[in-house]
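Working notes, beginning with the structure itself.
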Amino acid sequence: MRIRNFFTIFIVSLLTVICLYYILFSLYVYKLERDAYLYSKGNLEIEKKYLESKKRIGLLKYNHFSARNKVLNLGLDLRGGISFILEISEKDLLKKFSNNSKNPVFLKALNHADKEKEKNPNVDYFSSFLNFFYRNKKKIQTDFSISDFFVNRSYVDEINYTDRDLEKVIRKKIELSISDTHNILISRMDKFGVVQPNVQRIKKSNRILIELPGIENIDRVKNILQKRAELHFFEIYNFREIFPYFEKINKIYSENEKLERFEPNNFSSARKTRSFIEMLNISKINKMDNNLVVGLVHKKEMNKITYFLNSMDVVEYLPYTLRNIKFLWGSKTYQYNQEKYVPLFAVKEENNSLNGDIITSVYKSFGPFNEIFINIKMNQEGAKNWKIFTEKNIGRNIAIVLDDLVYTAPFVKSVIPNGISQISGNLSLQESEDLVNVLSTGRLPTSVKIIQSEVVGPSLGKETIRKGIFSFFIAIIFVFIWMFYYYIIPGLYANIALIFNFVFILGFLISINSVLTFPGIAGIILTLAMSMDSYVLIYEKIKEDMRNGTSIRSAIHNSYTFQGALSSIIDGQVTTLLCGIILFFFGIGPIKGFSTTLIIGIFTSFFSSICLGKLFLEWHLNKYKKIFFRIWNSNKVSWDFLSKRKFSYAISFICILGSLISFYYKGLNLGIDFVGGRTYIIRFDRKVLPDHISFLLSKYFIENGKPSSPKVLPFGEENKMKIVTKYKIWNENNQIDQEILKNVLALKPYFHTIDFQDFKTIDKDKSLGILSSEKVEPVIAKYITKNAFISILLSLFGIFFYIFIRFKKWKFGLGALVSLLHDTIIVLGLFSIFHERFSVLEINQSFIAALLTIIGYSINDTVIVYDKIRKFSGTESFSIKEIINKGINSSLTRTMNTSFITIWAICIILFFGGTTIRSFMLALLFGVSIGTYSSIFIASSIVYDLSKKKEKK
């Protein structure tokens with residue numbers, strides 16, 4: 001025993017020292033950052049220099065950047081920042097590998113794969129493409145093969161492959177392109193200067209999750225992430241060379257009715273009479289004295305002009321001398337009478353044009369008038385081709401194009417032999433730094449699309465932290481008081497072990513560089529409250545043995561064995577762990593953070609309750625020769641629960657039936673995680689009415705000629721609202737976000753104290769305006785929905801099989817499965833029945849996490865009862881009914897004690913934790929309450945009825 005205790009003390013001491021070091025190190029770094037912020041008074045440059053001046057942080061020589069990677073990572077909901085999910089276009093990759101094949105079968109296969117991907121976001125795109133191709137091949141009975149698309153193309157050189165071999169080659173190239181994109185995005189975020197960026201591929205999919213704490217400029221980040229960095233150098237046509245062609249197609253424009261779909265709301269009627277030539281604004285071009293610009297188009301008419309110039313009717317009119325023409329927009333905008341116009345260029349697209357693969361280095365420099373230039377240095381081959389290219393175009397202008405935008409069109413005076421070129425164009429310092437970033441990290445192999453975005457303002461993060469910490473301490477203090485009241489000295493030791501447990505959880509989270517989110521804080525509180533269950537089981541077993549005349553020392557020893565409380569503790573922890581692991585693999589963002597804290601908490605709770613708890617009790621017994629337990633007369637409780645099972649069945653049937661009816665008539669309040677859309681958390685400077693805000697915005701949210709009324713819900717305060725809208729969520733235009741923000745300008749009368757720019761900008765110390773925003777596209781909503789469904793099914797059936805194997809009777813597994821389904825349906829039913837009255841009852845990712853936690857908690861309760869039943873089943877003198885009743889009664893004290901602690905901890909977080917966590921905690925409150933009921937009245941009753949039928953047979 002001495003050796004075991006020495007080993008326990010050594011491990012606990014070592015873990016405590018390591019974990020405390022990580023925690024104190026984190027606190028010191030956060031204090032340093034706070035000092036830097038106060039010293040700089042909000043000036044980012046001064047703050048950065050202050051932090052860089054600190055050469056030694058902690059016991060080791062860490063600078064701030066390296067030290068920042070060793071502290072507790074706060075999630076976006078606590079710290080503020082931006083989160084994206086990007087989807088890499090496999091369609092563009094296949095087009096690229098086929099050299100943009102125009103084969104009708106190839107294009108049909110791509111369209112089919114698009115439709116399959118839309119139906120099921122988890123489907124393999126290339127497999128859908130191949131399935132359609134092979135089915136189509138059988139129908140038309142042709143010898144056409146995959147090699148006709150890809151072999152002898154510039155991206156797939158192999159020519160001696162069968163179709164199956166070629167499929168493997170294409171799959172390998174797709175995987176390599178996704179991996180390259182991932183690595184390039186990591187490099188861009190590192191160069192962007194983000195501290196602790198999280199850039200990770202979501203499993204083996206074509207999606208990448210990016211989390212950037214502390215970043216506020218969402219437009220700048222979007223620009224850096226989505227830029228392909230496709231750099232090209234083209235010969236350019238001037239206005240005189242193009243104008244005859246424009247005169248010829250001017251007649252076609254007025255006849256093309258399809259263009260109306262590109263007109264913005266209330267815009268087409270005003271410009272309907274304008275001809276194509278008029279829309280090019282020739283008079284304004286003449287004032288610019290720039291014959292390279294072939295059009296100066298109003299920003300709202302860009303899509304219309306693009307569609308027209310690329311339509312087949314117009315392309316057919318191209319003269320032979322312009323067959324290789326390509327129309328591109330300029331990167332710079334011009335303003336006339338407060339209206340924005342974009343220049344249109346015409347370049348010569350040839351196979352020998354130079355591209356960005358030749359770049360070796362990129363840097364910025366300043367001209368004599370402080371203008372900024374981006375200098376590009378090329379490799380040996382690039383320098384050679386650049387010399388030929390400039391020699392060919394002496395006396396002409398050439399276009400330098402990045403991602404299909406013309407940045408500059410310099411005049412070539414002489415041959416440039418050294419492989420150096422420049423990009424100019426009135427670039428700001430920030431724009432130049434971002435260009436250097438994306439060009440130096442390399443071009444993306446394919447296009448990427450943002451399918452989910454979330455912006456959390458720092459002020460909302462501070463508010464969340466404050467409420468989270470406050471609710472955390474209130475909940476923990478309550479647990480301390482209750483344990484001490486109920487168990488006196490052993491309860492005090494349980495509280496001390498709980499403190500160690502908390503230190504271990506935080507230390508492990510920091511050491512594995514995990515992210516702490518608000519659901520993660522709730523997970524810690526919940527884990528600590530549930531960890532009391534182990535102490536309750538052990539202490540109740542000790543009290544039971546003492547009532548039976550066993551000495552205190554023997555009772556302590558017995559309670560820590562498999563014949564005592566250990567088997568029940570392990571069964572309960574394993575089932576909860578199973579739910580945590582499923583959440584970890586199927587959850588993303590904050591839900592993954594919650595599952596991480598839950599999993600770590602399960603292991604640390606088991607260690608602290610079994611090893612540390614026993615050490616304290618044995619030490620006290622050796623020192624004081626006795627331990628006082630408050631022994632209640634619970635052994636006299638002998639209720640016949642099974643005789644009331646039909647009444648319980650009736651209550652449960654009514655609840656389930658009511659839930660199903662509510663599902664049919666009222667449905668569920670599905671959040672944007674499951675249906676797609678945008679949400680904005682906005683704080684006004686006065687009390688507002690949700691219906692009035694919704695009505696006001698519906699006048700501006702016009703889609704397909706009909707108003708799209710947003711859902712406006714109170715968010716904790718009378719002047720804080722959550723606005724949810726599906727307005728143009730299927731529209732892939734990147735300008736829709738800005739359009740919505742401009743529409744929100746209708747709310748300006750509610751903001752007398754700030755201007756609109758401050759209203760929409762998310763920054764530090766902000767108390768009014770937009771505090772956070774989130775966007776989920778329908779494709780990721782389907783992905784989340786399917787993952788939620790799979791995770792719930794896996795947890796239910798996983799638990800069924802574990803119970804079946806552990807108790808060696810299918811009746812126990814079926815009873816547990818039915819009770820879990822019972823809990824799930826009723827919790828969903830409560831959210832369905834009351835969601836119209838209480839807007840916070842929303843089904844989102846956090847709700848799914850809560851549901852899986854409920855499943856874990858409920859099965860934990862059920863397993864404890866089952867374990868008692870199994871122990872009593874060895875007694876032949878009792879009938880099945882008596883055995884099950886004795887099992888329920890003997891575990892009743894533990895069940896009510898643990899449920900009381902957990903429910904009170906949940907209630908404290910619910911009332912003091914703030915609005916952001918309220919839906920999550922309400923689901924837990926409903927679930928824990930219903931789970932406690934079902935473990936006593938439903939699960940055991942089903943086992944009895946199934947066993948009774950077997951006896952009759």
Sole miss for Pro417 among (1) under 30 Å from Ile394 (Cα atoms); (2) modelled with pLDDT under 80; (3) open to solvent by 30 Å² or more (accessible area, probe 1.4 Å) is condition (2)
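Evaluate the following for Ile82: is it modelled with pLDDT of 85 or more and in contact with a strand residue (DSSP E or B) (Cβ under 6 Å, 6 or more places away or on another chain)?
no
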Exercise. Would it be correct to say that Thr550 is at pLDDT below 85 and assigned to a helix (DSSP H, G or I)?
Worked result: no
Here the qualifying pairs (Cβ atoms under 7 Å; residues six or more apart or on different chains; first in the range 870-882 and open to solvent by less than 70 Å² (accessible area, probe 1.4 Å); second at pLDDT below 75) come out as Phe872/Phe878; Ile880/Lys948; Ile880/Glu951
In the range 91-134, residues that are open to solvent by 20 Å² or more (accessible area, probe 1.4 Å) and either farther than 22 Å from Lys786 by Cα or not hydroxyl-bearing (Ser, Thr, Tyr) (or both) total 27
In the set Ile277, Ile242, the lone residue that is over 48 Å from the mean Cα position of the chain (by Cα) and at pLDDT 50 or above is Ile242
Residue hits (the range 128-142; β-branched (Val, Ile, Thr) and either part of a loop (DSSP other than H, G, I, E, B) or modelled with pLDDT of 80 or more (or both)) are Thr142
When restricted to Tyr161, Tyr125, Tyr155, the only residue of a type in the set (Ser, Thr, Tyr), within 26 Å of Leu444 (Cα to Cα) and modelled with pLDDT under 70 is Tyr155
Per the list (1) open to solvent by 30 Å² or more (accessible area, probe 1.4 Å); (2) in contact (Cβ under 8 Å) with a residue 12 or more places away in the chain, residue check on Ser919 breaks on (1)
Every listed condition ((1) in a helix (DSSP H, G or I); (2) open to solvent by less than 20 Å² (accessible area, probe 1.4 Å); (3) modelled with pLDDT of 80 or more) holds for Phe149 save (3)
*Ile542 vs. criteria at pLDDT below 85, in contact with a Phe, Trp or Tyr (Cβ under 7 Å, 6 or more places away or on another chain) and either assigned to a helix (DSSP H, G or I) or assigned by the TED database to the domain that holds Pro490 (or both)*: no
> In the range 299-306, is there at least one residue being more than 42 Å from the chain's Cα centre (by Cα), of a type outside the set (Phe, Trp, Tyr), closer than 18 Å to Tyr253 by Cβ and open to solvent by less than 40 Å² (accessible area, probe 1.4 Å)?
Replying inline: no
Considering the range 307-334, residues that are over 13 Å from Ile242 (Cα atoms) and of a type in the set (Val, Ile, Thr), and then whichever is most open to solvent (accessible area, probe 1.4 Å), we arrive at Thr333
If you go through Lys326, Lys387, Lys304, the only one that is within 24 Å of Ser275 (Cβ to Cβ), at pLDDT 80 or above and outside any strand (DSSP E or B) is Lys304
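Table: residues versus (1) crowded, with 23+ Cβ neighbours inside 10 Å; (2) outside any helix (DSSP H, G or I); (3) modelled with pLDDT under 80.
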position	(1), (2), (3)
Ile848	yes, no, yes
Leu852	yes, no, yes
Ser858	yes, no, no
Thr862	yes, no, no
Ile884	yes, no, no
Asn889	no, no, no
Phe911	no, no, no
*On the given criteria, is Ile358 open to solvent by less than 40 Å² (accessible area, probe 1.4 Å) and within 21 Å of Asn223 (Cα to Cα)?*
no
Exception for Cys655 within (1) free of Cβ contacts under 8 Å to residues at least 60 places away in the same chain; (2) surrounded by 15 or more Cβ atoms within 10 Å (Cβ to Cβ); (3) more than 30 Å from Glu774 (Cβ to Cβ) falls at (1)
Taking the range 484-514 and keeping only residues that are in contact with a strand residue (DSSP E or B) (Cβ under 9 Å, 6 or more places away or on another chain) and surrounded by 23 or more Cβ atoms within 10 Å (Cβ to Cβ), one is left with Leu509
Going through the range 560-572 in order, the residues found to be in contact with a helix residue (DSSP H, G or I) (Cβ under 7 Å, 6 or more places away or on another chain) and surrounded by fewer than 24 Cβ atoms within 10 Å (Cβ to Cβ) are Tyr560, Gly564, Ser567, Asp571
Filtering the range 252-274 for residues that are open to solvent by less than 40 Å² (accessible area, probe 1.4 Å), at pLDDT below 60 and touching a Ser or Thr at 6+ places or on another chain (Cβ under 8 Å) leaves a count of 1
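The values are calculated or read from the model by the stated rules, or taken from the named source; none is laboratory data. On a predicted model such as this, the values are computed, not experimentally measured, just so you know. FYI the Cβ positions are ideal-geometry reconstructions off the backbone, even for glycines, and counts take in every protein chain you see. Just the protein is used for accessible areas: all its heavy atoms, side chains included, with ligands, DNA and RNA removed. Shrake-Rupley method; radii C 1.70, N 1.55, O 1.52, S 1.80 Å.
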